[in-house]
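A short worksheet on the structure shown next.
Derivation of every value follows stated rules applied to the coordinates shown; laboratory data play no part. Not measured: the values here are computed from a predicted model. Don't worry about glycine lacking a Cβ; one is built from the backbone with ideal geometry, like all the others, and counts go over all protein chains shown.
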Amino acid sequence: MSRSKRFFFQILLWLTVWIILSFGQVDNHRLFIENLLVFGFQVFLIAGLIFYLSEKFLFKKKYVLFLVISISAIGICTFISSNLFSPPRMPPIEELRRLPRRPPSKFLITLLFLTISYVIATFIETFLFAQEKEEETIRSKNENLQTELKLLKSQINPHFLFNSLNNIYALSVMDSDKTQQSISYLSNMLRYVLYECERQLVPLEKEITYIENYIKLFSLKSSKPYPIQTDFNVSDNNLMIAPMLFIPFIENAFKHSNIEKPNGSFIDIRINVSTQSIVFKIENSIPKEKVQKDKVGGIGLENVKKRLSILYPEIHQLEIDESEEKFKVMLNIKFIDNA
């Protein structure tokens, strides 16, 4: 709630209080008008003071100045309300004699009323201000998260393009027919990356199609099939998931498994969807000799971890197990259909 909205909220609140308190005085027009003038003056003064002093002193932790100015303002407002608007009138002597004791002065009654009203108004203003700051913090946090997500996704797309172009370049040297196929696969993948991945969530079916095209594009590099196993057990392809969530793990497996050499290397990719979760598993061999990496560095697993922490906080489980012979990744995302 902005400052102006807080100010008008205070005005409406206290006018509502005045209307409720004035129900019994409607028949006495003079008293009603008098109270209207006095209370209207008090409401605007209190709301104005709170509006100005809270922003200048209270919310800047200048509590002493806020207290001193508030007490002075309440005293002045009390004097004006109890004297200028309604000068004190002496009751008849007969009434004075019947009074058992001296009634409290109008000044004290007005002072008590204004003090209580001012304290309540201060608490209300502080609460609304704290609520506004909390909303700003949440909004700023969400904006920062969205910015970070866009940055992470922007790191994925160029990396995918470099890898694909490298594959097509290798095919163009060996086989022109396969080059045409690879361009077809690449165009489908680019369409997905450029258009579908702009959305926060995509159908799981399209994500799997992208993975299949990625594998097909890579497999064109050889006339013999690579030892790549896939098992996509998906009961509902309309489930929504964050785009490009699995591909960094797959790229990592293709890069480090040395799958192009028949030395016992392998890649095993599995996706299993149940009613309450989606489980992604990938396992690849680790060759004894080091794999020569391309000059274009990968985005790494840290990118995926950051995206997961933003997109699926507290509802995902990521396990990475590396031995001398195998590298395993298991990602479990719960309640993916409600994400």
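Checking the Cα-Cα distances for Lys261/Lys326; Lys61/Lys133; Lys133/Lys334 against a 23 Å cut-off, the pairs over it are Lys133/Lys334. Projected label points at Ile320 and Lys56, each 7 Å from Cα along the beta carbon direction, are separated by 5.7 nanometres.
Of the GluC sites (Glu not before Pro) found in the stretch 199-266, those that fall in a DSSP loop while having at most 16 other beta-carbon atoms within 10 Å are Glu260. The stretch between Lys306 and Arg270, if pulled fully straight at 0.36 nm per residue, gains 10.7 nm over its current Cα-Cα span. Here the label points at Thr115 and Val234, each 7 Å from Cα along the C-beta direction, are separated by 7.1 nm in the simple model.
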